[in-house]
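Chemist: What follows is a single structure, and I will ask about it in a moment.
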Amino acid sequence: MKFLKLSAAGLACVFLSGCITPPPTPRIVRTNLSAKPDTGPFWWGIASSSFQNEDRGEKRGTPNYFETDWDLFAKTKRVPPKGDNGTFSWTHFDRDLDALKKIGVNHYRFGVEWARIEPEPGRYNEAALRHYVDMARQLKAAGIEPVVTLWHFTFPSWLVDEKHNNKSRWTHPLYRERWPLYVDKVTKAMAPYVRTFAPQNEPNGDLALGYISATWPPGRLMDFAGHAAALDESVWGFRKAAEIVRKNRKDALILSIEAMPYWEHALLDPTGAYYNLMQRINYTHLDRTFDVCDLVGFNYYYTEYPDFTALLALKARRGRNYSLLGWIIQPRSLYKQIRNVQRRYGKPVVITENGIATAKDIKRVRYLFNHMLEVKEAIQDGMDVRGYFVWTLVDNYEWHHGYKAPFGMAKMDWITKQRLLRPSALFYRGIIESSRNMNILDDVSTAPELPPGFVER
């Protein structure tokens, strides 16, 4: 998940330059506004990812054993290793499904691991694909709508050039050849059970952390040229995936998932360069893909200030208004970000992730409740919000934070693999049950006014 804590030295340069302008507002025309889709009742969901949750499920040395770019990156000791087990969501998906049914969600977002499906270029693991299809089928049978993410941060290891990491992942020579074939194979197989597909999860965050802060693969620092090249490839991949999905299911819904922390202005950013850079990271990818989306989804966790000295204070931030990771808790910013996204793109909005890393579940309950109130108020004020997803079901591997950031509404019993629900899960169940009588969440189809910049065509 999650997002940007760029290097202090690099951001100091940006801070002093003052040469970065805000992202231009996209030109919205009738052809890219499209009709509002029918999405049914309000989406109460939970989100997860393949890499963070799945165990390997394949023995080392066997033909279908696979590794991802994150596995290779961990071997360089740049990030903590995940290990082969995760939360056993591959071999024990039934445990996840049982917990989801107990909570009562009507949507569940999970990812498909490209490396698992295609462990070598052009060779597919058909049994693994059937397993993913069966997961979607089981969810549907339980009355839970599956939402499938085709890419959630990880690439197959064969898309990594360890000698020339500027030609890895998005910019690897095989990417344009293999990505459309993978998307076609997966979406064709899953189309009978899956209507909503997210081509990518937080590509904007991945690109910033990988090419600007060197925190994630490919580990490049302040490589703005590399960032621009990878952004072009990411945009191409998103648009190509949307095209393929629509070919394989005519009534498909294409969902964006972008990282959208809310940025306030700061006195220590007098030129506005830092703020403008963060706004560009928030919006540039979506500006180039929103026209092929039916639903604009974004992940919101925290508010931050464009002040590079704040990066030094992350570990020192403690107390009621901060998460375990030092992220600033500011529920009102979710309302503001919904408003910003709605005005900018004029399309229905889905909160695709919202959650908190904390060891205190009462803090998680308070966090979720206060953010849900902001979603409700946004709907009352005429914003077209179709759904809300909590991150996440069970504590898992949190990328460069390793296993030190508990976001789950459940923890795992390592012997039985059962998901032990926390009070926050039961709280969420109560919200979902009570919302059936809340007209404000039943009537989310009323279209808001057309956004500024709309051009009739």
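Chemist: I need every pair where a residue in segment 329-341 that is among the basic types (Lys, Arg) has its Cβ under 9 Å from the Cβ of a residue that is part of a loop (DSSP other than H, G, I, E, B), sequence separation at least 6 or different chains.
Modeler: Listed by first residue and then by second, the contacts come to 339/381; 339/383.
Chemist: Given the criteria free of Cβ contacts under 8 Å to residues at least 40 places away in the same chain and either closer than 19 Å to residue 196 by Cβ or hydrophobic (A, V, I, L, M, F, W, C) (or both), does residue 99 qualify?
Modeler: Values: free of Cβ contacts under 8 Å to residues at least 40 places away in the same chain: no; either closer than 19 Å to residue 196 by Cβ or hydrophobic (A, V, I, L, M, F, W, C) (or both): yes.
Considered against the rule, which asks whether it is free of Cβ contacts under 8 Å to residues at least 40 places away in the same chain and either closer than 19 Å to residue 196 by Cβ or hydrophobic (A, V, I, L, M, F, W, C) (or both), residue 99 comes out as no.
Chemist: Within the bounds of segment 232-252, is there any residue that is in contact (Cβ under 8 Å) with a residue 12 or more places away in the chain, among the β-branched types (Val, Ile, Thr) and more than 30 Å from residue 195 (Cβ to Cβ)?
Modeler: No, that holds for no residue.
Chemist: Also: Which ones in segment 191-241 are within 27 Å of residue 294 (Cα to Cα) and aromatic (Phe, Trp, Tyr)?
Modeler: Selection gives 193, 197, 236, 238.
Chemist: Give me the pairs, please: first residue somewhere in segment 124-144 and assigned to a loop (DSSP other than H, G, I, E, B), second residue anywhere and of a type in the set (Lys, Arg), beta-carbon distance under 8 Å, and either six or more positions apart or on two chains.
Modeler: Filtered contacts from segment 124-144: 124/185; 125/116; 142/101; 144/101.
Chemist: Can I ask one more? Which numbered condition in (1) buried (at least 18 other Cβ atoms within 10 Å of the Cβ); (2) farther than 20 Å from residue 388 by Cα; (3) without any contact (Cβ under 8 Å) to a residue 60 or more places away in the chain is the only one that residue 293 fails?
Modeler: All conditions are met except number (2).
Chemist: Now, a different point. Within segment 91-133, take every residue that is farther than 30 Å from residue 386 by Cα and of a type in the set (A, V, I, L, M) and give me the one that is nearest to the chain's Cα centre (by Cα).
Modeler: Only one residue fits best here, namely 115.
Chemist: Kindly provide the set of residues from segment 183-211 that are buried (at least 24 other Cβ atoms within 10 Å of the Cβ), outside any helix (DSSP H, G or I) and of a type in the set (A, V, I, L, M, F, W, C), ordered by number.
Modeler: 194, 197, 198
Chemist: What are the pairs, 6+ residues apart or on separate chains, where a residue within segment 63-90 that is part of a loop (DSSP other than H, G, I, E, B) has its Cβ under 6 Å from a residue that is hydroxyl-bearing (Ser, Thr, Tyr)?
Modeler: 67/157; 82/397
Chemist: Which numbered condition trips up residue 357, out of (1) surrounded by fewer than 20 Cβ atoms within 10 Å (Cβ to Cβ); (2) farther than 25 Å from residue 145 by Cβ?
Modeler: Of everything listed in (1) surrounded by fewer than 20 Cβ atoms within 10 Å (Cβ to Cβ); (2) farther than 25 Å from residue 145 by Cβ, residue 357 misses just condition (1).
Chemist: Follow-up question, since we're still on this one. Quick one: is residue 121 farther than 23 Å from residue 284 by Cα, surrounded by fewer than 16 Cβ atoms within 10 Å (Cβ to Cβ), in contact (Cβ under 8 Å) with a residue 40 or more places away in the chain and touching a helix residue (DSSP H, G or I) at 6+ places or on another chain (Cβ under 6 Å)? Write out each step before concluding.
Modeler: Working: farther than 23 Å from residue 284 by Cα: yes; surrounded by fewer than 16 Cβ atoms within 10 Å (Cβ to Cβ): yes; in contact (Cβ under 8 Å) with a residue 40 or more places away in the chain: yes; touching a helix residue (DSSP H, G or I) at 6+ places or on another chain (Cβ under 6 Å): yes.
Yes; evaluated as a whole, the condition is true for this residue.
Coordinate-derived values only; no laboratory data. Just so it is clear, the structure is predicted and the values come from calculations on it, not from any experiment. So basically every Cβ, Gly included, is an ideal-geometry build from the backbone, and we count neighbours across all protein chains shown.
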